[in-house]
Amino acid sequence: MSTGVTDGVAVEQMIYTWVFALVNALVLLVYAPLLDGIGRKIRARIQRRRGPSILQTIYDLRKLYCMPGIIDGYSGRYARYAPALTMALAIMAGLIIPSFLPADTGCDLIVAAYLLVAVSIALTYGSLSMSIPYSVVGGCREASLMMASELCFAGAIASIAAAYGTLYIAVASPIIRLDPFKPSMIIAAAVLAIIAYVEGLNLPFEISEAEPELAGGALIGYGGRTLALLMHSSMIKETLFIALLVDLLFPWSILGTGPVGLVLRIAVFTVLTTFIYMVMRMLDTVYGRYTPRQAIRALKRVGLASIIAVILASIGW
Amino acid sequence: MPGTTWLNTYFLCIPVILLLIPFILSWNKRILAKGSAVLTSISSIVILFLGVSGLTSRTPIITVYPWLSCPCNIQTYGFPYPLVFGLDRISSYFLIILGLVSLVSSIYMFGYLDYLERRREISRLIINYPLLVLFMYLVIIVQSLFWFLVLWELMGFTTQLLVASRMTKKGVAASMKYYLLTKAPAELMIAGGIAAIIVSCGNATYASVAQTLHLASNHDVVAGIVAPGLILAGLMAKTGLIPFHSWVPDAYGESPTMASALLSGAASKVGVYMLFRLFMYFLPPLGVWGVVLVVVGTATLVYGTLMALRQADSKRLLAYHSMGQIGYVVLALGASIYLMAYPPYSVILSSVAAAAALYHAFNHSLFKTLLFMSAGAAEYAVGERSLDLLGGLGRIMPLTSTAALIAAFSISGVPPFNGFVSKWMIYASTMPAVGLLPICGFAAMFISSVTTASFIKYYTSIYGRPSIKHIGFSGEPPLSMVLAMLILAGLCVLFGVVPLIPLKLIGYTLTNTWLQGHVVQGLMPAVSLVGMNPSTVIAAIVFPLSGLLYGILISGRTRGVKGWFCGAEKPLDKTLPAPSHYYDDFENVFHEIYSFSEKTSLSLRRIGRSLETLLPRASAVFETPVYMAFIACLIVFLLLIIGLATGCLPG
C-alpha cells in the first residue's frame with residue numbers, strides 16, 4: 001500500500017516536472033527573441049540611434065517563418081535537415097535546463113553542456129555542407145570557436161564537479177551553487193560568464209557571421225523559414241547559457257517553495273537574465289571584432305585560467 | 001572442469017576449423033575470394049553466439065586440451081603448461097566485440113572484393129584476413145599465459161602481413177614500421193613479464209595466476225610492479241598508446257578498408273582485453289597502475305585527436321582518432337583502479353569508470369568500423385582518400401552518407417548516440433573525483449570537441465560540399481557494403497537510445513573482476529534523468545521533434561536556389577577553402593602541442609629514411625618463405641626464453 005502511495009507521489013512529481021519543463025521551453029521560444037530585441041534597442045541607444053521596437057526580432061522571425069524555405073541548391077543533403085535538428089536540440093536543451101520554473105529533470109552539467117554544444121554542431125555541419133565559400137569560412141570559424149570555448153567550458157564544469165563531488169544541477173536544494181569564498185569557484189564563475197558571452201556571439205567573438213567582412217557567414221546558404229529556425233535556435237542557445245549561469249550562481253533555496261516561491265523564482269530569473277543580457281549587449285557595442293586567431297588566443301588564455309580552477313578545486317580550494 | 005560439456009568443448013573448435021579452410025584452399029584464388037568471406041561470416045556468427053552464451057551462462061565454460069599441449073609428450077620433459085581454452089565473462093564480452101566487427105567486415109568484404117580484384121590486391125588479403133580473425137579469437141579464449149604469448153605472436157605476425165597485403169611501397173613500409181615498433185621490442189617485453197609471472201606463480205593458467213597475484217602483488221615487487229610493467233609496455237605498443245603510437249596511422253591507413261576496420265574495431269580491443277584482464281582480474285587495484293593508465297590514456301587521447309584534426313587523408317584521420325578513442329578507454333580503466341586504490345575509495349564511481357571503459361571499447365568498435373567502411377565506400381566510388389579532393393558523395397550515396405553521419409555524431413558524443421553515453425559515464429566518474437582525475441576528465445571533455453570538429457571536416461568534405469574531382473560513379477556501393485554500414489549505424493543508434501542493453505552485459509562482465517557485487521550499485525548513476533537514461537529521453541524528444549519540424553516547415557516547402565559563387569554561374573569548387581586548412585587558426589594558436597609532435601615525428605622520420613633503403617629488399621622478403629621462417633624462429637626463440645626462465649627446460 002505504502003509503495004503504491006510512494007509510486008503515486010513519484011508519478012505526480014514527474015508530471016509536474018515535465019509540465020514545468022514544457023512551460024520553460026515554450027516561454028523560451030518567445031523570451032529569447034524578445035531579449036534579442038532588447039539587445040538591438042540597447043545597441044541603437046548607445047550609438048545614438050532610435051532603434052527598432054523591442055518586438056522587432058519577433059516580427060522578423062514571424063515574417064521569415066511565413067516565407068517558404070530557401071537553401072543553397074548545390075548543398076549536401078544534410079544541409080536541408082540541419083535547421084530542424086538544430087531547433088529540436090535547442091528546444092530539448094530548453095526542456096532540461098531549469099529556467100523560469102524549477103523543472104527538476106535531474107539534468108547534470110554534462111548533459112546540459114553537450115546539448116548546448118550540439119546546437120552549434122548541427123548548424124556547423126549544415127554550413128560546411130554548402131557550396132558557398134562564405135558559408136564554409138563561417139562554418140570553420142564556428143567550429144574553431146566551439147573548440148576553444150569548450151576548453152574553457154570543460155574546465156569550469158570539471159572544477160565545479162571536483163569541488164562539490166557531483167555534476168547534478170539542483171533546482172531546490174543547493175547541491176551545486178558556486179561558493180564565492182573558494183578561489184576555484186570564483187574563477188569558474190568568471191569562466192562561465194565569459195563562455196555565455198562568447199556563445200552569445202557578442203563582439204569581439206562574433207567571428208562566424210562577421211557580416212562586414214564575410215557578407216554573411218555560416219547562415220548565408222539559408223533563407224526564409226530555414227533561416228528563421230537557425231536564428232531562433234541560436235537565440236535560445238544564447239539565453240540558455242545565461243540561464244545556466246544564473247542557475248549555478250543564485251541561491252534559489254532562499255526563495256522558499258510553494259506558489260509564492262514559484263512567482264519569486266520567475267521574477268528573479270527574468271530580472272537576472274535580462275540584466276546579464278543587457279550588460280553583454282553593452283559590452284558588445286563597445287568592442288571591435290577579433291580576427292579568428294585573436295579570438296581563439298583569448299579563449300586559450302581563459303582556458304588556462306579554467307585549468308588552474310580545476311587544479312585548485314581538486315586540492316579542495 | 002566447470003561448465004564443460006561436449007557441445008562447449010567442440011563448439012569452441014568450429015571457428016578454428018572454418019577460419020583455417022581459406023588458408024588450406026589458397027591454391028585456388030577464385031574459389032577462395034568469396035569463400036573466405038562466407039567462412040569468416042559463419043565463424044563470426046559462431047563467435048558472437050559463444051560470446052553471448054559465455055556472458056550469460058552461470059559458470060565459466062572451460063575446456064582443456066592437454067593433447068594439444070604435449071603432442072610429443074613434452075610433459076615428460078617437464079613442460080607443465082596445458083593448452084586451456086575457456087570462456088569466462090571477460091573473454092565472452094570481448095568475443096562479442098570481435099564477432100560483431102568481423103561479421104560486418106566480412107559482409108562488407110563481399111562487395112569490396114570487386115574493387116580489390118580490379119586493383120589486383122586480393123590474394124594476400126583473403127588468406128590473412130580470416131587468419132587474423134582466427135588468432136584474435138584464440139588469444140581471447142585462451143586461458144593460459146604461456147599459450148597466450150604464442151597466439152599473441154601469431155596474431156601480430158598475421159597483422160603485419162595484412163598491413164602489407166596491398167604490396168604497395170607505403171604498405172610494406174607501414175608493415176616494417178609495425179614490426180620495428182611493436183613486434184620485436186614489445187614481444188620481448190611481454191615475454192619477460194609473462195616469464196616473471198609464471199616464475200612467481202608457478203603456474204600459467206589464468207585462474208591460478210589471479211589467485212596468486214592477488215596475494216603476492218602487495219609485497220612482491222616483481223609480481224606487482226616489474227612483471228605487470230613489462231606486459232603493460234608491450235601492450236601499449238600493440239594498442240598504439242603513447243609513446244609507442246607512430247605505427248598506427250601508417251598501418252591503418254595503408255591496409256585495405258575492411259582490414260583497417262578489423263584492426264581498429266577488433267584488433268585494438270584485443271590489447272584492451274589483456275589490459276583489462278591484467279589490471280581488473282590478475283592484479284588487485286594498485287594505485288601506481290591507476291596513475292600510469294590515467295596519464296597514458298589522457299596523453300594518448302589528447303595527442304591522437306589533436307593530430308587527427310590536421311589530417312587531410314581520410315584513413316589517416318580515422319587512424320589517429322582510433323588512438324584517441326583507445327585513450328578514452330584506457331583513461332576510464334585507469335580511473336576505475338585509481339578510485340579503488342586511493343581514498344575516499346569510491347566503489348560506485350569505480351564501477352561506473354570500469355563500465356565506461358568497456359562500453360566505450362564496444363562503441364568504438366561500432367562507430368570506428370563504420371567510419372572506416374564509409375571511407376572505403378568513398379574510395380570505392382572515387383578511388384581517392386584525400387579530403388581536399390573528395391566531395392559531393394552525399395547526393396550520390398544517400399544511405400552511405402546517412403550511415404557516415406550517424407557514425408560521425410556517435411564518435412563526437414552528440415546525444416543521443418552511443419558515444420555520448422559512454423563519454424558521459426567517463427566524465428561522470430572522473431570529474432567529481434579527487435586528485436588527478438578531474439584534470440583528466442577535463443582534458444577528455446575538451447578533446448571531445450576537437451573530435452567533433454574533426455568529424456565535421458571528415459563528413460562534410462566527403463559527403464557535403466561539391467566534388468572537386470570528377471565522379472564517374474553513380475548510386476550506392478554494392479548492397480553488401482551498404483548493408484554492413486546500415487547494421488552498424490542501426491547499432492550506434494540502438495545502443496545510444498537504449499544503453500541499458502549493453503550496460504546489462506557489462507554488468508555481467510564486471511562480476512568477473514575485483515568489483516564483483518558492487519557493479520549494480522555502480523551502474524545506477526547511468527539512470528539520472530527523471531528515472532531514465534538521459535540519452536533515451538533525448539532520443540524520445542529530439543528525433544520525433546526534428547522530424548515534425550522538418551515535415552511541417554521544410555519538406556516540400558523549401559526550394560534550392562543558386563547561391564553567391566563570387567559572380568560565377570556554378571560553384572567554383574576551387575574557391576572553397578580546402579578541408580586541410582579548415583582549422584589553421586586553431587592549430588596556429590595551439591602550436592605548442594603540434595611542434596612537440598613534429599619534433600618526435602622528425603626523429604622517427606630519420607629511422608624511416610633508413611628504412612626506405614631497405615624497402616625493395618623488404619618487399620622481396622615478404623614474397624618468399626624466408627620471412628615465414630624468420631618469424632617461426634622468433635617464436636621458437638621466445639618459447640626457449642620462457643622455458644629457460646621458468647625452469648621447464650634444462651639450462
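The values are calculated or read from the model by the stated rules, or taken from the named source; none is laboratory data. Keep in mind it's a predicted model, so treat the numbers as computed, not measured. Ideal geometry is used to build each Cβ from the backbone, glycine not excepted, and the neighbour counts take in all protein chains shown. Just the protein is used for accessible areas: all its heavy atoms, side chains included, with ligands, DNA and RNA removed. Shrake-Rupley method; radii C 1.70, N 1.55, O 1.52, S 1.80 Å.
Calculate what fraction, in whole %, of the accessible area of segment A:2-314 sits on carbon and sulfur atoms when a 1.4 Å probe is rolled over the protein chains.
68
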Please report the accessible area of residue A:16 (heavy atoms, 1.4 Å probe, ligands and nucleic acids excluded) in Å², nearest 10. 120
Report, as a whole number in µm² per second, the diffusion coefficient that Stokes-Einstein gives for segment B:176-320 at 10 °C and 1.306 mPa s using the Kirkwood radius over alpha carbon pairs. 98
For residue A:253 and residue A:293, what does the FRET efficiency come to when R0 = 56 Å and r is the distance between their Cβ atoms, rounded to the nearest 0.05? 0.80
Intensity falloff of segment A:2-314 expressed as log10 I(q)/I(0), Debye formula with alpha-carbon point scatterers, at q = 0.06, 0.09 Å⁻¹: -0.21, -0.47
Quick one: how many Å² of residue A:300 are accessible to a 1.4 Å probe, rounded to 10? 40
Taking just the C-alpha trace of segment B:264-316, give me its Rg and Dmax in Å. 14.4, 44
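Chains B and A: buried accessible surface, both sides, probe 1.4 Å, rounded to 100 Å²?
Numbers: alone 24950 and 15100 Å², together 33230 Å².
Answer for the B-A pair: about 6800 Å² buried.
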Threshold 30 Å² - residues in segment B:419-436 whose accessible area is reduced by that much or more when the chain is no longer isolated, probe 1.4 Å: B:420, B:424, B:427, B:431, B:432
To the nearest 20 Debye, how big is the dipole of segment B:177-304 about its Cα centre, given +1 on the beta carbon of each Lys and Arg and -1 on that of each Asp and Glu? 100
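As an exercise, use a Förster radius of 41 Å and the Cβ-Cβ distance of residue A:56 and residue A:190 to find the FRET efficiency, rounded to the nearest 0.05. Could the numbers behind the result be given before it?
Details: r = 32 Å, r/R0 = 0.79.
Given R0 = 41 Å and the Cβ-Cβ separation, E is 0.80.
Within 10 Å of each Cβ in B:588-594, how many Cβ atoms from other chains are there, averaged over the peptide? Could you put the intermediate results ahead of the total?
Numbers: counts 4, 12, 7, 0, 0, 0, 0.
Per residue, the number of nearby Cβ atoms from other chains is 3 on average.
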Taking a point 7 angstrom from the Cα of residue B:295 along the C-beta vector, which residues in segment B:226-262 have backbone N less than 18 Å away? B:226-237, B:241-245
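Starting from the residue with the highest accessible area, list B:480, B:350 in decreasing order, probe 1.4 Å. If you can, show how the numbers build up before the last one.
Values: B:480 25, B:350 0 Å².
Final ranking, largest accessible area leading: B:480, B:350.
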Hz values of 3J(HN,Hα) by residue in segment A:83-90 - Karplus curve (6.51, -1.76, 1.60), Gly and Pro given as x: x, 5, 5, 4, 5, 4, 5, 5
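Which value, in debye to the nearest 20, gives the size of the charge dipole of segment B:290-410 about its Cα centre, when Lys and Arg are +1 and Asp and Glu are -1 at the Cβ?
Numbers: 6 positive and 4 negative charges, 4 e Å.
With only Lys, Arg, Asp and Glu charged at Cβ, the dipole is about 20 debye.
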Per residue of segment B:36-51, in order, report the coupling 6.51 cos²θ - 1.76 cosθ + 1.60 (Karplus, θ = phi - 60°) as ³J(HN,Hα) in whole Hz, putting x for Gly and Pro. 4, 5, 5, 5, 5, 4, 4, 5, 5, 5, 4, 4, 4, 4, 4, x
Please give the helix A:292-314 orientation as an angle from the longest Cα principal axis of chain A, in degrees from 0 to 90, rounded to the nearest 10. 10
Only helices counted: for chain A, with every DSSP H run of 4 or more residues adding -39500 (n - 2.57) and the sum spread over all residues, [θ] at 222 nm is -25000 deg cm²/dmol
Around residue A:72, which amide H atoms from residues at least 5 apart in sequence, or from another chain, sit under 5 Å from its own amide H, with H modelled in the peptide plane? B:561
Nearest-0.05 FRET efficiency for residue B:591 and residue B:199, computed from C-beta distance (R0 41 Å): 0.25
Considering only protein heavy atoms, what per residue accessible area in square angstrom results for chain A with a 1.4 angstrom probe? 37
